[in-house]
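To start, the structure itself, in structure tokens.
The values are calculated or read from the model by the stated rules, or taken from the named source; none is laboratory data. Please read all numbers here as calculations on a predicted model, not as lab measurements. As a convention, Cβ positions derive from the backbone with ideal geometry for all residues, glycine included, and neighbour counts pool all protein chains shown. Only protein heavy atoms, including side chains, enter the accessible area calculation; ligands, DNA and RNA are left aside. Shrake-Rupley method; radii C 1.70, N 1.55, O 1.52, S 1.80 Å.
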Amino acid sequence: MNHTEKINRILTNIDQVMIGKRDIAELCVTALLAGGHVLLEDVPGVGKTMMVKALAKSVGADFKRIQFTPDLLPSDVLGVSIYNPKAMEFEFRPGPIMGNIILADEINRTSPKTQSSLLEGMEEASITIDGVTMQIPQPFFVMATQNPIEYEGTYPLPEAQLDRFLFKLKMGYPTKTEEMEVLERAEKTVPIEQLKSVVSLEELIELQRAVTEVKVDDTIKSYIVDCVAQTRDNLYVYLGVSPRGSLALMKASQAFAMLKGRTYVVPDDVQYLAPFVFQHRMILTPEARYEGISTTEIVDRILMKVRVPVDKATLR
């Protein structure tokens, strides 16, 4: 079985639970393959938690859920050292971050101090407790959710935290036909409980390694850098995309190309993924907000403005 077939098995498996969310599933799998993380921002009840559970079950991963609340402490996420009187030494009790796929539910409901406890793990796949650095089991993938409607009792994510997420996505409401199918499937069974693993963790790690072999031509790299540069030179953007954003877009494009069955990145990959990579990495000026201009509009204008590489023969 080749890489594309394995990826399609994961997506088909998720489709058994998530109705009409193939595009979101593809982006979540792309982020997982690229070694990135996802921030899902949407109203309650549209399937954010179900998506990450279906993904974890599909790859046989160790799934951990952290419910973020105002009183949550960093030790509740990372773990804590407890003194064992028999052994006369401290023993480390790992927290829920020591898993493969982590659901950080309602991440904006906890304090910045607890939010920051995820930073090292998301960037370096390790945590430091009492001066000792420990590696997090691989693969490691964080999917965080937040509700954009309720602002009371929430703490907006700082830029440093937002920058750790590869994509920021929205689920959206299902159509009437899709919602009818959801009801039909859930009438007698709980679909998520029927889901089985279709790819092993070892195969997933192999897929992640294969992503790095996907070719990115210099013209594509130049195109990515040009798009990023435009976010830093825009009248409506106070803070543009950082070099970490450039790297994120390239890695995501490699993973997406493999998901689509290609061994090379094409400009269409970059164009499709750029809004999901850029929108949470840009801070708009007060003028932009006053005029009602969104980050999505700005990214669209940038993609229309930057010249697209057209010589596809050199990309292969």
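Conditions (1) among the acidic types (D, E); (2) touching a Ser or Thr at 6+ places or on another chain (Cβ under 8 Å); (3) in a loop (DSSP other than H, G, I, E, B), marked per residue:
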residue: I7; (1), (2), (3): no, no, no
residue: L40; (1), (2), (3): no, yes, no
residue: P44; (1), (2), (3): no, no, yes
residue: A56; (1), (2), (3): no, no, no
residue: A61; (1), (2), (3): no, no, yes
residue: F90; (1), (2), (3): no, yes, no
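Restricting to the stretch 95-134, count the residues that are closer than 23 Å to T49 by Cα and either without any contact (Cβ under 8 Å) to a residue 24 or more places away in the chain or buried (at least 17 other Cβ atoms within 10 Å of the Cβ) (or both). Before the answer, list the steps.
Narrowing the stretch 95-134 to residues closer than 23 Å to T49 by Cα: 95-112, 114-119, 121-123, 125.
Those still in the list that are either without any contact (Cβ under 8 Å) to a residue 24 or more places away in the chain or buried (at least 17 other Cβ atoms within 10 Å of the Cβ) (or both) too: 95-110, 114-115, 117-118, 121-122, 125.
Of the residues in that region, 23 qualify.
Would you call D311 of a type in the set (D, E), modelled with pLDDT of 90 or more and surrounded by fewer than 20 Cβ atoms within 10 Å (Cβ to Cβ)?
No, not satisfied.
Does V277 meet the test of being open to solvent by less than 20 Å² (accessible area, probe 1.4 Å), touching a helix residue (DSSP H, G or I) at 6+ places or on another chain (Cβ under 8 Å), at pLDDT below 95 and not charged (D, E, K, R)?
Taking the combined requirement at face value, the residue does not satisfy it.
Is there a residue being over 17 Å from M122 (Cα atoms), at pLDDT 90 or above and in contact with a strand residue (DSSP E or B) (Cβ under 9 Å, 6 or more places away or on another chain) anywhere in the stretch 25-43?
Yes.
Considering only helices (runs of 4 or more DSSP H) fully contained in the stretch 224-316, which possess at least 2 residues that are of a type in the set (F, W, Y) and within 22 Å of E26 (Cβ to Cβ)?
The qualifying helices (runs of 4 or more DSSP H) are 267-278.
Determine which member of the set D42, D62, D76 is open to solvent by 30 Å² or more (accessible area, probe 1.4 Å) and more than 25 Å from E206 (Cα to Cα).
Of the residues listed, the single one that is open to solvent by 30 Å² or more (accessible area, probe 1.4 Å) and more than 25 Å from E206 (Cα to Cα) is D76.
Scan the stretch 139-155 and tell me whether some residue there is part of a loop (DSSP other than H, G, I, E, B), touching a helix residue (DSSP H, G or I) at 6+ places or on another chain (Cβ under 8 Å), surrounded by fewer than 16 Cβ atoms within 10 Å (Cβ to Cβ) and not polar (S, T, N, Q).
There is at least one residue in the stretch 139-155 that is part of a loop (DSSP other than H, G, I, E, B), touching a helix residue (DSSP H, G or I) at 6+ places or on another chain (Cβ under 8 Å), surrounded by fewer than 16 Cβ atoms within 10 Å (Cβ to Cβ) and not polar (S, T, N, Q).
Any residue at all in the stretch 61-75 that's over 21 Å from F165 (Cβ atoms) and without any contact (Cβ under 8 Å) to a residue 40 or more places away in the chain?
yes
Please indicate, with yes or no, whether at least one residue in the stretch 22-36 is under 24 Å from L249 (Cβ atoms), assigned to a loop (DSSP other than H, G, I, E, B) and open to solvent by less than 40 Å² (accessible area, probe 1.4 Å).
yes
Which of the residues belonging to the stretch 159-180 are open to solvent by 70 Å² or more (accessible area, probe 1.4 Å) and at pLDDT 85 or above?
K170, Y173, T175, K176, T177, E179, M180
Quick check: anything in the stretch 103-112 at pLDDT 90 or above, on the phi < 0 side of the Ramachandran plot and of a type in the set (G, A, S)?
Yes, the stretch 103-112 contains at least one residue that is at pLDDT 90 or above, on the phi < 0 side of the Ramachandran plot and of a type in the set (G, A, S).
Inspect all residues belonging to the stretch 200-215 and state whether any of them is among the hydroxyl-bearing types (S, T, Y), in a loop (DSSP other than H, G, I, E, B), outside the structural domain of D23 (by TED's automatic domain parsing) and without any contact (Cβ under 8 Å) to a residue 24 or more places away in the chain.
For the stretch 200-215, residues among the hydroxyl-bearing types (S, T, Y), in a loop (DSSP other than H, G, I, E, B), outside the structural domain of D23 (by TED's automatic domain parsing) and without any contact (Cβ under 8 Å) to a residue 24 or more places away in the chain: absent.
From the list M98, M134, exactly one residue is more than 18 Å from V29 (Cα to Cα) and part of a loop (DSSP other than H, G, I, E, B). Which is it?
When all the criteria are applied, what remains is M98.
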